[in-house]
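Right, one structure below, let's go through it.
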Amino acid sequence: MTPQHPERELRAAGALFESQTALQDMFANHVVVEGRLVTGQNQNAGSETAQKMMKIAGGSER
């Protein structure tokens, strides 16, 4: 349990929050790239997030 829910806090701060619904799929995954900022919806997005970060940093993407 976390005292603050990230989605609620981000929306309250004016952030555009994007996600895939976990109601239909508990392993829903969503990665967003905005310039050099890469964010992943949850731990399941780790691999895709890392690949996109490496591409932006000048590495190769698998």
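Every read-out reported here was derived from the displayed coordinates using simple, explicitly stated rules and does not represent laboratory data. Just so you know, these numbers come straight off a predicted model, no measurement behind them. Using ideal geometry, Cβ is built from the backbone for each residue, glycine included, and neighbour counts are taken over all protein chains shown.
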Count charges around residue 36 for me, please; just the other residues with Cβ under 13 Å from its Cβ, Lys/Arg as +1, Asp/Glu as -1. +1
Only counting other Cβ atoms within 10 Å, I'd like 37, 10 sorted with the fewest neighbours first. 37, 10
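Just want the ordering: 27, 17, from fewest to most Cβ atoms lying within 10 Å of their own Cβ.
Ascending number of Cβ neighbours within 10 Å: 27, 17.
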Tell me, 11, 36 in order of fewest to most beta-carbon neighbours within 10 Å? 36, 11
